[in-house]
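Undergrad: Could you have a look at this structure, given as structure tokens, before my questions?
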Amino acid sequence: MGVDIKLPIGLMFSIFGVLLTLFGLFTKSDKVLYEPSFGVNVNLWVGIFMLVFGLAMLLMAVAGKKREKKA
Amino acid sequence: MLTADQITTIFPYSRKIFNIEDKNFLSFAGKSLLTNLKTKPMSSLTLGWIDYAIMIIYFLFVLGIGWALKRYMKSATAFLEAGRSLPAWVTGLAFISTNLGALEVMGMTGSGAKYGMLTTHFYWVGAIPAMVFLALFMMPFYYGSKARSVPEYLKLRYDEKTRGLNAILFAVMTVLASGISMYALALLLENILGWNFHLSLILSAAIVLGYTYLGGLSSAIYNEVLQFFIIVIGLLPLVFLSLKDFGGWDGLKDTLAPIVENKGYAADAWTTTWKYTGKASLNPMGIEWYGIFVGLGFVLSFGYWCTNFLIVQRAMAAKSRLAARSTPLIGAIPKMFIPFLIIVPGIAALALMNTPDRNFALPMNDAGQPIYDYTIIMLLKQYLPTGVLGLGITALLASFMSGMAGNVSAFNTVWTYDIYQSYIRPASGNKDDDEHHYLRVGRIATIFGILASIAAAYIASKFGNIMDFLQTIFSMINAPLFAVIFLGMFWKRTTGHAAFSGLLGGFLIALLHHGLTIPVGADTVFKGGWIGVVHQYPVEMAQNFWTAIFACASAATITVVLSLMTKQKKATKELVGLVYQLTPRETDKDVAWHKRPLTLAMFVLLILVILSIIFW
């Protein structure tokens with residue numbers, strides 16, 4: 001099947017990552033919001049993590065495409 | 001002989017294995033889950049715009065994957081078998097994702113609170129050895145035989161009638177399972193998010209229909225991979241925050257010590273796996289080590305992992321024999337670590353419940369018992385702020401969908417190949433024509449399967465008892481099936497007549513056993529004793545467990561005896577590739593040593609041993 005699943009996975013997690021990172025940044029000073037998470041800005045951290053994961057997946061997908069073209 | 005106490009514990013699992021809702025906790029929790037979910041938690045979750053945004057983006061991607069695959073769906077092979085073209089890491093993750101249904105996630109987190117680390121036995125000894133066995137010893141025959149489904153393997157190995165019996169039972173079973181899953185999802189959304197029950201039901205059905213109709217099995221499998229990652233990442237914050245709350249794993253252990261001592265157990269009874277299994281009364285599960293070994297590790301897990309088409313279908317879609325054999329092994333690696341994701345937060349929930357100033361409580365049922373199935377929901381509410389909360393809820397939705405899609409994609413394959421092609425319209429011989437025709441049939445079967453599931457969901461909501469009864473009946477087909485497939489693969493003398501009689505006989509003996517026994521406190525004839533009562537079991541689980549043992553043992557006996565009495569109609573030549581002794585062993589000489597399934601299997605078993613020692 002000519003679809004590389006790494007592409008949509010990478011894309012989706014990158015979008016989630018950007019969304020949560022921005023949301024985390026905008027709500028940085030919201031003490032009430034982060035009370036349940038002991039003041040940890042989980043949105044920011046999870047957002048960054050997802051962004052890195054998503055980009056890594058995209059990178060692998062692109063590398064795979066290049067290899068395919070060469071072959 | 002197992003004592004009632006031990007059985008109660010093996011029980012959850014046996015239920016899971018012999019139950020139709022095989023991959024969901026529903027089966028594990030037995031009948032109580034649907035009733036439990038009917039009780040509303042005291043407060044519902046409130047989602048913000050960002051939570052909805054995450055959910056909607058996820059749905060768009062799910063449908064988008066189906067849409068992207070649409071143009072490849074030109075033949076029945078592509079639609080129903082994913083063209084046997086997927087890489088091993090994809091099928092491996094899908095293999096484990098299909099099994100990670102939402103009801104299982106909910107139930108296992110609950111079990112974490114209830115039984116602690118002992119719950120990991122369901123993931124370690126109760127799954128890994130069976131998965132390794134499937135990979136090394138059974139997959140070569142399932143994949144190598146070119147069978148397109150487990151019923152079709154029965155046809156190749158035995159005969160048409162054996163296939164027919166299995167195919168029809170399996171088709172009905174998967175539709176019921178997906179219907180019940182759908183019902184539970186809608187109920188949950190209604191209770192915790194306040195969504196409309198009917199709307200939730202139709203919407204979830206429509207999304208699953210959308211992506212399975214467009215992209216078939218490939219779409220189901222690709223989405224399972226996506227779902228796997230979202231489940232893992234969505235639940236990670238929960239693990240970190242719950243551990244942080246109690247000062248890490250060691251802090252959690254210390255917090256738990258007085259709590260569980262208060263319950264009459266050793267201080268570390270909730271955080272160890274084998275340590276207190278010397279005597280049943282010492283551990284919260286009430287089980288001894290040999291009960292875990294034999295009950296979970298052998299009888300139940302082999303029956304589940306090695307014969308269930310839903311699971312095996314993922315490996316069958318792999319692109320090569322090597323990839324197919326590696327699939328269960330690749331799946332086994334994340335499988336071993338899933339407990340840290342769902343059981344550990346459950347254990348933290350027990351600590352939370354017992355810390356008065358935290359105000360953490362599970363909803364109670366009518367009898368005043370906490371409903372453990374809600375543990376994960378209450379944890380999400382406790383720790384996650386809006387944003388990651390949406391991610392967590394999306395993870396739960398994702399696991400529900402992978403469950404339904406798995407059932408639907410198994411159903412349409414069995415329907416099209418094993419029922420429609422065998423009995424209604426045999427292949428015409430014109431390959432192109434056939435592929436087109438069966439593609440259309442597969443698509444129609446997908447729609448029909450979803451509609452039938454919706455009907456099943458409504459029946460479940462109106463007549464819970466009938467659904468329970470049907471589930472019990474269909475739960476009786478897996479145990480005899482394992483006996484028959486195992487004998488077929490490893491004993492060339494096994495004949496078709498014997499296998500058919502074994503399947504049917506095992507099923508009837510199970511029915512008879514159910515009709516003659518009753519659990520204490522049964523209030524309807526649906527729970528047994530509808531013929532007469534000759535024996536009473538202390539708990540319902542014990543009854544089910546013995547039903548399965550009787551079914552498996554009698555199926556094996558009937559098959560062996562009749563095989564010796566009947567003539568083998570299949571020529572030895574026909575059995576090559578289907579039976580162990582007649583098939584040349586794969587040596588993997590041309591595969592790099594670190595890529596060989598045997599090496600991978602050793603690696604998996606090594607991790608299993610290390611984990612077991614660490615959490616002894």
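Read-outs: derived from the displayed coordinates by stated rules, not from any lab. Quick caveat, the model's predicted, so the values are computed rather than measured. Cβ: placed from backbone, ideal geometry, glycine included. Neighbour counts: every protein chain shown.
Undergrad: Mind checking the dipole of the stretch A:6-70: about its Cα centre, +1 per Lys or Arg Cβ, -1 per Asp or Glu Cβ, Debye to the nearest 20?
TA: Numbers: 8 positive and 3 negative charges, 121 e Å.
Here the stretch A:6-70 has a charge dipole of around 580 debye.
Undergrad: Oh, and also: Give me the angle, in degrees from 0 to 90, between the Cα long axis of helix B:4-18 and the longest principal axis of the Cα atoms of chain B, rounded to the nearest 10.
TA: Taking Cα atoms only, the helix is inclined about 50 degrees.
Undergrad: Go ahead and run the numbers for FRET between B:Val591 and B:Ile466, Cβ-Cβ distance against an R0 of 51 Å, rounding to 0.05. Numbers along the way, then the final one.
TA: Numbers: r = 51 Å, r/R0 = 1.01.
So, using R0 = 51 Å, E works out to roughly 0.50.
Undergrad: From a point 7 Å beyond the Cα of B:Ala455 in the direction of its Cβ, which residues of the stretch B:144-181 have a backbone N at a distance under 15 Å?
TA: B:171-180
Undergrad: Another question, if that's okay. Hull surface divided by four, with the convex hull built on the Cα atoms of the protein assembly as shown: how many nm²?
TA: Working: hull surface 117.4 nm².
Averaged projected area of the protein assembly as shown's Cα convex hull equals 29.4 nm².
Undergrad: If you don't mind, another one. Label points 7 Å out from Cα along the Cβ direction at B:Trp530 and B:Thr39: separation in nm?
TA: Here the answer is 2.8 nm between the modelled labels.
Undergrad: Next question, about the same structure. How much length would be gained if the chain were fully extended between B:Lys74 and B:Val561, taking 0.36 nm per residue of separation minus their Cα-Cα distance, in nm to one decimal? Present the calculation step by step, with values, prior to reporting the outcome.
TA: Values: separation 487, 0.36 × 487 = 175.32 nm, distance 4.64 nm.
Full extension of this stretch gives 170.7 nm more.
Undergrad: Which distance in Å, rounded to a whole number, links the C-alpha centroids of the stretch B:470-493 and the stretch B:414-451?
TA: Centre-to-centre distance over Cα atoms comes out at 26 Å.
Undergrad: If you don't mind, another one. Could you work out how far helix A:42-70 tilts from the main Cα principal axis of chain A, as a 0 to 90 degree angle to the nearest 10?
TA: Long axis of A:42-70 versus the principal axis of chain A: about 10 degrees.
Undergrad: In nm, to one decimal, how far is the modelled label at B:Trp616 from the one at B:Asn365, with both set 7 Å along Cα→Cβ?
TA: For the pair B:Trp616/B:Asn365, the computed spacing is 3.7 nm.
Undergrad: Is the shape of the stretch B:174-302 best called rounded, prolate or oblate, per the rule: a/c under 1.5 gives rounded, else a/b larger than b/c gives prolate, else oblate, with a ≥ b ≥ c the square roots of the Cα gyration tensor eigenvalues?
TA: Numbers: a/c = 2.32, a/b = 1.75, b/c = 1.32.
Cα axes put the stretch B:174-302 in the prolate bin.
Undergrad: Sticking with this structure for a sec: Run the numbers for B:Leu282 and B:Leu516: contour at 0.36 nm per residue of separation, minus the present Cα-Cα distance, in nm.
TA: Details: separation 234, 0.36 × 234 = 84.24 nm, distance 3.33 nm.
Gain in length upon complete extension: 80.9 nm.
Undergrad: Under 24 Å Cα-Cα from B:Lys431, which lysines qualify once same-chain neighbours fewer than 8 residues away are excluded?
TA: B:Lys70, B:Lys74, B:Lys146, B:Lys155, B:Lys319
Undergrad: Can you tell me what percent of all Cα-Cα pairs in chain A are more than 19 Å apart?
TA: Numbers: 1129 of 2485 pairs.
That fraction is 45 percent.
Undergrad: How long are the three semi-axes of the equivalent ellipsoid for the stretch B:292-386, computed from the Cα gyration tensor as the root of 5 times each eigenvalue, in whole Å, largest first?
TA: Values: eigenvalues 277, 60, 31 Å².
With the √(5λ) rule applied to the stretch B:292-386, the semi-axes are 37, 17, 12 Å.
Undergrad: A follow-up question, please. On a 0 to 90 degree scale, rounded to 10, what angle separates helix B:248-262 from the longest Cα axis of chain B?
TA: Value to nearest ten degrees: 80.
Undergrad: Here's something else I'd like to know. Take the Cβ-Cβ distance between B:Trp491 and A:Leu22 as r, set R0 to 60 Å, and report the resulting FRET efficiency rounded to the nearest 0.05. Mind dumping the intermediate values first?
TA: Numbers: r = 63 Å, r/R0 = 1.04.
Computed FRET efficiency for B:Trp491 and A:Leu22 comes out at 0.45.
Undergrad: What's the percent breakdown of Cα-Cα distances in chain B across 20 Å bins, shortest bin first?
TA: 20, 57, 22, 1
Undergrad: Full-extension gain between B:Asn430 and B:Phe603, please, as 0.36 nm times their residue separation minus the C-alpha to C-alpha distance.
TA: Going from the current span to full extension adds 57.6 nm.
Undergrad: Using alpha-carbon positions, what is the distance between the centroids of the stretch B:137-204 and the stretch B:349-401, in Å?
TA: Centre-to-centre (Cα) distance: 29 Å.
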